[in-house]
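Where a number appears in this text, it was derived from the coordinates with a stated rule and is not lab data. Here the structure is a predicted model, which means the values were calculated and not measured. Virtual Cβ from ideal backbone geometry, glycine too; neighbours counted across all protein chains shown.
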């Protein structure tokens, strides 16, 4: 974990109180903490740093959300392809991450990528902001993203058919900076950062995967500056009771809170000013981006991810 991240970290177990964390490093290498722990003086919670990866969760880091499918090599391989298919030279890929990146305007400050998976959008943001931070509750995703960050390359093993696979080398473009990038294991519903720490934030393809999607929205915009901030949310809105109870969905139901379509409801929610998380947002653009997940060379899932880009 890079040392510059310490200036904005708070204890997720103490929220809504924002208790700064203290670092106890046992092994460091230049600006990177390799081994150690983060401690909360308020509640005495401790968060480990292992092999450079910080686990800043309000629940045991060995236990991601029940039933999580995101810790397997097969799923990691699918997401590596989805994020970096263009760098692998695969014509079956999409321009999704380039399209999302182009919606974000360069500005000073920190950028947060919630649900970063294996890191493509975070890497894209490193060229537009002073610092780019990616969070995910999947330890395997974060370790993979950090490996790419450190080595600037990774061997990717793609499924072809059955047990047949193909190994390809993923290499980051030389112009992509990585010294201002960091990835940590964290919960999108209890983000371990101080309020108003970020000038730009993004939530891509995750709001419909969380047990409490409204809490994720509240947490994300809590971190945004009160002015000169931008926020991008994009999602297919594939609501499922496997992820959240229907009463907690932000769309996809005929009655109750957030009846109707998710994109419409979230757009309306963003427009309303609140004492916390702050003034309402102006809507800059709405639309959709097509992206793909690859299972093997004959099986792809094409997904329409609807977005709203807002600023204040």
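If I stretch the segment between residue 34 and residue 71 completely, what's the gain in nm (0.36 nm per residue apart, minus their alpha carbon distance), one decimal?
Working: separation 37, 0.36 × 37 = 13.32 nm, distance 2.19 nm.
Roughly 11.1 nm would be gained on extension.
Given the peptides 214-224, 256-266, arrange them by the average over their residues of other C-beta atoms within 10 Å, most packed first.
Details: 214-224: 21.5, 256-266: 16.5.
Top of the packing list down: 214-224, 256-266.
Return the calculated 222 nm mean residue ellipticity for the chain, to the nearest 500 deg cm²/dmol, obtained by summing -39500 (n - 2.57) across DSSP H runs with n ≥ 4 and dividing by the residue count.
Numbers: 6 runs with 58 residues, N = 312.
Per the formula, -5500 deg cm²/dmol.
At 0.36 nm per residue, minus the direct Cα-Cα distance, what do residue 130 and residue 284 gain on full extension? Give it in nm, one decimal, please.
53.2 nm
Which percent of Cα pairs goes in each bin when the distances of segment 213-306 are cut into 5 angstrom slices starting at zero?
3, 11, 20, 20, 19, 14, 7, 4, 2, 1, 0
On full extension of the chain, what length is gained from residue 176 through residue 304, given 0.36 nm per residue of separation minus the C-alpha to C-alpha distance? Walk me through the numbers before you get to the answer.
On the way: separation 128, 0.36 × 128 = 46.08 nm, distance 2.74 nm.
Roughly 43.3 nm would be gained on extension.
Starting from the eigenvalues of the Cα gyration tensor, five times each then square-rooted, give me the equivalent ellipsoid semi-axes of the chain, largest first, whole Å.
Working: eigenvalues 144, 135, 73 Å².
Taking √(5λ) for each Cα gyration eigenvalue gives 27, 26, 19 Å.
What number does segment 1-40 give for Rg over Rh if you use C-alpha atoms and the Kirkwood radius?
Details: Rg = 10.8 Å, Rh = 10.6 Å.
A ratio of 1.01.
According to a simple spin-label model (label point 7 Å from Cα along Cα-to-Cβ), what is the distance in nm between residue 59 and residue 297?
4.0
In segment 103-144, whose amide N lies under 19 Å from the spot 7 Å out along Cα-to-Cβ of residue 227? List them in ranges.
Of the residues in segment 103-144, 107-110 have backbone N under 19 Å from the label point off residue 227.
Once the Cβ-Cβ distance between residue 264 and residue 242 is put in as r, and R0 is 25 Å, what FRET efficiency do you end up with, to the nearest 0.05? Spell out each step's value before the answer.
On the way: r = 24 Å, r/R0 = 0.94.
The formula returns an efficiency of 0.60 here.
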